Structures are given as structure tokens and as C-alpha cells.
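Structure, as C-alpha cells:
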Amino acid sequence: MTASTERAPTGAPTERDPIPVTTVQTRTALRENRVPRWLFKLISPIALVLIWQVLSSAGVLSDDVLASPARVAGTAVELWDEGRLQDAITASMQRVGAGLVIGVVVAIVLATLSGLFRRGEDIIDAPIQMLRTVPVIGLIPLLIIWFGIGEQPKIVLIALAVTFPLYMNIYGGIRNVDAGLVEAAETLRLGRFAQVRHIILPAAMPNALVGLRYSLGSAWLALVFGETINATAGIGYEMNMAREFFQTDVIVVCLVLYALLGLVADFIVRLLERTVLAWRPAFSGA
């Protein structure tokens with residue numbers, strides 16, 4: 001009696017043969033693999049600079065109205081060689097750093113007390129809501145009377161500009177925490193500190209980081225006005241001196257510095273978001 005053997009059909013994969021896997025890529029993925037995204041981000045800025053240079057070369061934009069990009073670049077190199085740009089950047093960053101630290105600390109303390117406790121909301125929130133509607137720039141005369149014309153009014157002005165948007169976002173983040181999660185924590189008998197640490201703080205962190213980005217933009221905006229208060233150094237001081245002599249190239253250099261420093265600060269916060277909020281999947285665009 002002979003044993004019958006079964007053979008696999010011809011062309012069918014056996015246990016020893018690996019199963020072929022084919023990776024299918026969409027047209028969008030193939031296009032993104034060919035061209036990096038950072039190139040697309042540079043297209044519009046480069047196009048604007050080219051249009052600006054063409055208009056300047058054609059005489060449509062005179063140097064008295066707006067200096068050409070080539071002249072602005074040359075002026076920036078000259079100011080850097082003279083050391084004026086380094087000194088201006090250092091002075092302005094010190095003011096922004098001091099104001100930012102004070103504003104962040106005040107906003108976190110006030111928003112935490114107001115967001116976690118109803119009595120804190122009754123005492124703190126109403127004055128904050130009234131003060132935030134007052135234009136910060138309008139407080140400059142009072143700040144000069146209170147603090148003089150030194151560094152104090154500049155730092156206080158930046159701190160105020162930072163405090164209000166950050167307070168609003170932290171307070172909103174705390175109050176928008178899912179009540180069901182808090183009730184579940186209470187059912188599990190988590191203490192107040194454990195609830196804040198494991199539930200309220202992670203849920204409020206996205207709003208807080210958005211508020212920090214707004215606050216950084218407000219800090220640089222307040223710096224522009226703050227450095228008009230008897231400043232002897234800083235980007236705003238260089239801009240004011242250039243205005244007196246109608247030096248549009250120096251003014252544009254200062255504006256570009258403000259923009260670059262703001263972009264660097266925003267980039268740092270974005271990196272912080274990716275690190276702190278790595279646990280939260282989010283839509284990144286189609």
C-alpha cells in the first residue's frame with residue numbers, strides 16, 4: 001500500500017517561500033518624497049523678495065520709499081561688522097526674556113487659582129477680564145509716571161502683554177477639561193493633587209501652549225513700543241534712529257530682525273509642543 005502525497009498547486013506559495021509584499025504609495029506621497037516640504041515653504045517668501053527687487057530695479061520703488069533687498073542685505077552686513085546688530089539683539093532679548101518670565105509666572109498662578117477654584121474665579125477673573133480690554137500700549141504714560149524712563153516700564157509693558165493671552169488660554173484649558181474624567185478620578189479616590197497632575201494638567205496643556213505662542217507674539221509687539229521709551233540700545237532704538245535720518249534700509253533690517261526672532265521663538269514652542277504633546281494624536285493636514 002503506497003502513501004499518497006499532496007502537492008501544492010503550481011505557482012502557489014509554500015511554507016518556505018516568502019510571501020511577496022507590495023507597498024502602494026499614493027500620488028501625494030510620491031510627490032512629497034520627490035520634493036521636500038521646506039522647499040514649498042520657501043517659494044512664497046523668495047517670490048516676494050524677487051518681486052520687491054524687480055520693482056526696485058525698475059525704479060517703481062525708490063530708496064527713499066523702500067530700500068531694495070540688495071541694499072538691505074548690504075546694510076545688514078555693515079551693521080553686523082560694526083557690532084551694532086549684536087548689541088541691539090542682546091538688549092532686546094534681555095528685555096523680552098525678563099518680561100516673558102514675569103508674565104508667564106503671573107499668568108500661570110492667576111489662571112491656576114481662577115481655573116481650579118470657584119472662589120478664585122470670583123476674585124481674580126473679573127479684574128483680569130476688565131484689564132485685558134484696556135490697550136496695553138495706552139498704559140505707557142502711566143508706566144512712565146510709575147517706573148520712570150529706565151528699563152522697568154519696558155519690562156512691565158512686555159509682562160502685561162504676555163500675561164493676558166496666556167491667562168485666557170490656561171484658564172480656558174482648565175475649564176474645558178472633560179467633567180467625566182474628573183468624576184472618574186474622584187470615583188477612584190484620587191487626591192486633588194493627583195487629579196491636577198494626571199488629568200487637568202495634560203488636558204489643559206494644548207491650550208496653554210497655544211497661549212504661549214500668542215504671548216510670544218505679543219511680547220515682541222510690546223517690545224517695539226517699549227523701546228520707544230528713552231531707549232539707548234536695542235532693535236527699536238536702531239529703528240527710531242533710522243527714522244530720524246530716513247534710512248529705510250536700516251528700518252527694514254530691524255523689521256526683519258523682529259520677524260526672525262519671532263519665528264525662532266515660535267519654532268521653539270512648536271518643538272515643545274511635539275515633545276510635551278507626543279501622547280496626543282492630532283490631524284496634521286491633508
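The values are calculated or read from the model by the stated rules, or taken from the named source; none is laboratory data. Keep in mind the model is a prediction, meaning the values are calculated, not measured. So basically every Cβ, Gly included, is an ideal-geometry build from the backbone, and we count neighbours across all protein chains shown. Protein only, heavy atoms only, side chains kept; ligands, DNA and RNA dropped before computing areas. Shrake-Rupley method; radii C 1.70, N 1.55, O 1.52, S 1.80 Å.
Gly103: among the small types (Gly, Ala, Ser), in contact with a Lys or Arg (Cβ under 8 Å, 6 or more places away or on another chain), at pLDDT 90 or above and surrounded by 14 or more Cβ atoms within 10 Å (Cβ to Cβ), yes or no? Before you say what the answer is, go through the steps one by one.
Numbers: among the small types (Gly, Ala, Ser): yes; in contact with a Lys or Arg (Cβ under 8 Å, 6 or more places away or on another chain): no; at pLDDT 90 or above: yes; surrounded by 14 or more Cβ atoms within 10 Å (Cβ to Cβ): yes.
So Gly103 fails the test.
Return yes or no: is Val264 free of Cβ contacts under 8 Å to residues at least 40 places away in the same chain and within 22 Å of Gly83 (Cβ to Cβ)? Lay out the reasoning, then the answer.
Working: free of Cβ contacts under 8 Å to residues at least 40 places away in the same chain: yes; within 22 Å of Gly83 (Cβ to Cβ): yes.
When the stated conditions are applied, Val264 passes them.
I'm checking my understanding of the structure. Among residues of region 166-178 that are part of a helix (DSSP H, G or I) and open to solvent by less than 30 Å² (accessible area, probe 1.4 Å), which one is nearest to Gln129 (Cα to Cα)?
So the first thing to find is which residues in region 166-178 are part of a helix (DSSP H, G or I), and the list is 166-175.
This time we only want the ones that are open to solvent by less than 30 Å² (accessible area, probe 1.4 Å), so: 166-167, 170, 172-174.
Numbers: Leu166: 13, Tyr167: 10, Ile170: 14, Gly172: 13, Gly173: 16, Ile174: 17 Å.
It comes out as Tyr167.
Test of understanding: among Leu181, Leu221, which residue is within 30 Å of Leu160 (Cβ to Cβ), in a helix (DSSP H, G or I) and open to solvent by 40 Å² or more (accessible area, probe 1.4 Å)? So that I can check it myself, show each step before the final result.
Values: Leu181 fails: within 30 Å of Leu160 (Cβ to Cβ).
Matching residue, one of Leu181, Leu221: Leu221.
Within region 234-269, restricting attention to residues that are open to solvent by 30 Å² or more (accessible area, probe 1.4 Å) and more than 25 Å from the chain's Cα centre (by Cα), which residue is nearest to Ser68 (Cα to Cα)?
Top of the filtered list is Gln247.
Is it true that Gly226 is touching a Pro at 6+ places or on another chain (Cβ under 8 Å), open to solvent by less than 30 Å² (accessible area, probe 1.4 Å) and within 21 Å of Thr90 (Cα to Cα)?
Numbers: touching a Pro at 6+ places or on another chain (Cβ under 8 Å): yes; open to solvent by less than 30 Å² (accessible area, probe 1.4 Å): yes; within 21 Å of Thr90 (Cα to Cα): yes.
Yes; evaluated as a whole, the condition is true for this residue.
Any idea how many residues of region 179-205 are of a type in the set (Phe, Trp, Tyr) and closer than 25 Å to Thr133 by Cα? Walk me through how you get there before you give the answer.
Filtering region 179-205 down to residues of a type in the set (Phe, Trp, Tyr) leaves 193.
Of the ones still in play, those that are also closer than 25 Å to Thr133 by Cα are none.
The qualifying residues number 0.
Among (1) on the phi < 0 side of the Ramachandran plot; (2) open to solvent by 30 Å² or more (accessible area, probe 1.4 Å), which single condition is Gly59 missing?
Evaluating Gly59 over (1) on the phi < 0 side of the Ramachandran plot; (2) open to solvent by 30 Å² or more (accessible area, probe 1.4 Å) leaves (1) as the failure.
Given the residues Asp17, Asp64, which is the only one that is of a type in the set (Asp, Glu) and either modelled with pLDDT of 90 or more or open to solvent by less than 100 Å² (accessible area, probe 1.4 Å) (or both)? If you could, list the steps in order and put the result at the bottom.
Values: Asp64 fails: either modelled with pLDDT of 90 or more or open to solvent by less than 100 Å² (accessible area, probe 1.4 Å) (or both).
Among Asp17, Asp64, only Asp17 is of a type in the set (Asp, Glu) and either modelled with pLDDT of 90 or more or open to solvent by less than 100 Å² (accessible area, probe 1.4 Å) (or both).
Determine whether Val156 is in contact (Cβ under 8 Å) with a residue 24 or more places away in the chain, surrounded by 15 or more Cβ atoms within 10 Å (Cβ to Cβ) and either within 30 Å of Ala203 (Cβ to Cβ) or of a type in the set (Phe, Trp, Tyr) (or both).
no
With respect to the numbered conditions (1) open to solvent by 50 Å² or more (accessible area, probe 1.4 Å); (2) farther than 12 Å from Phe164 by Cα; (3) modelled with pLDDT of 90 or more, which one is the sole condition not fulfilled by Val96?
Of everything listed in (1) open to solvent by 50 Å² or more (accessible area, probe 1.4 Å); (2) farther than 12 Å from Phe164 by Cα; (3) modelled with pLDDT of 90 or more, Val96 misses just condition (1).
If Glu186 satisfies every condition in (1) surrounded by 13 or more Cβ atoms within 10 Å (Cβ to Cβ); (2) of a type outside the set (Phe, Trp, Tyr); (3) in a helix (DSSP H, G or I) but one, which is the exception?
(1)
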